[in-house]
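These notes are about the structure you will find just below.
The values are calculated or read from the model by the stated rules, or taken from the named source; none is laboratory data. Everything quoted here is computed from the prediction, not taken from an experiment. Every residue, glycine as well, gets a Cβ built from its backbone with ideal geometry; the counts of neighbours run over all protein chains shown. Side chains are part of the model used for accessible areas, which takes the heavy atoms of the whole protein and leaves out ligands, DNA and RNA. Shrake-Rupley method; radii C 1.70, N 1.55, O 1.52, S 1.80 Å.
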Amino acid sequence: DQPPASGLGLIMIRACMDTVEVERSPAGTTVLMDRLLGRKPVFASADDNGPGLAPAAAPRTFRVELQRSPRPRLTVAGSVDASTIVEFRRRLQVASRGGTLPLELDLAQVEVLASAGVQALHELTEQMAADNLEARLIAPPGCAARYVLQLTGLDHLLAPERPGREVTRRSGVADSMR
């Protein structure tokens, strides 16, 4: 069952703002938006000649697949880092319809979850909690994302594991999830 179609207003607002809170009441809906003004970061490296611009990195693999339902499931694969964060944030907003739907985020195939991705997940969970919605993260034992979620305090959002289910890692080794 698909939820009723809605406009793109909240998606656009959240794409332009740093934080958005939606409060619904019988008297109406209130939207609080914040935007921090600043400059984009410049990535630099140091070598024998002193600091300078870092050479352009080869693009990393990044794939996202959306399964639409009343609780959409977004499956992410590859690297979630500074080079993919804009697309990752956009896909999170589209999947949750601008934060109006609960979201299940499958990170089992994520190879790199850098600080930019962690920040986006913290923001997503804060946004959804403020709107009384739930974000569930899927990251089985042994996957890179699970270690990062544990280190950053996001592991409380992990979906409960199903006993006896096996997950095959890229190396072909099967882990039993119990």
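The peptide list 124-131, 98-105, put in order of mean Cβ contacts within 10 Å with the highest first, becomes 98-105, 124-131. What the phi angles of segment 150-156 give under the Karplus curve with 6.51, -1.76 and 1.60, with θ = phi - 60°, is a coupling list of 5, 5, 9, x, 9, 5, 5 Hz, glycine and proline written as x.
Go through 156, 122 and list them by solvent-accessible area, largest first, probe radius 1.4 Å. Please report the intermediate quantities before stating the final value.
Working: 156 135, 122 65 Å².
Of 156, 122, the descending order of accessible area is 156, 122.
Ligands, DNA and RNA excluded, the heavy atoms of residue 83 present near 90 Å² of accessible surface to a 1.4 Å solvent probe.
Taking 0.36 nm per intervening residue step and subtracting the Cα-Cα distance, what contour gain separates residue 77 from residue 112 on full extension?
11.7 nm
Sorted largest first by accessible area at a 1.4 angstrom probe radius, with every protein chain in place, the residues 30, 75 fall in the order 30, 75.
Between residue 123 and residue 34, the contour length at 0.36 nm per residue exceeds the alpha carbon distance by 30.8 nm. Of 73, 90, the order by accessible heavy-atom surface (1.4 Å probe, DNA, RNA and ligands excluded), from most exposed downward, is 90, 73.
All alpha carbon pair distances within segment 83-153 were sorted into 5 Å bins beginning at 0; the resulting P(r) in whole percents reads 3, 17, 28, 27, 18, 6, 0.
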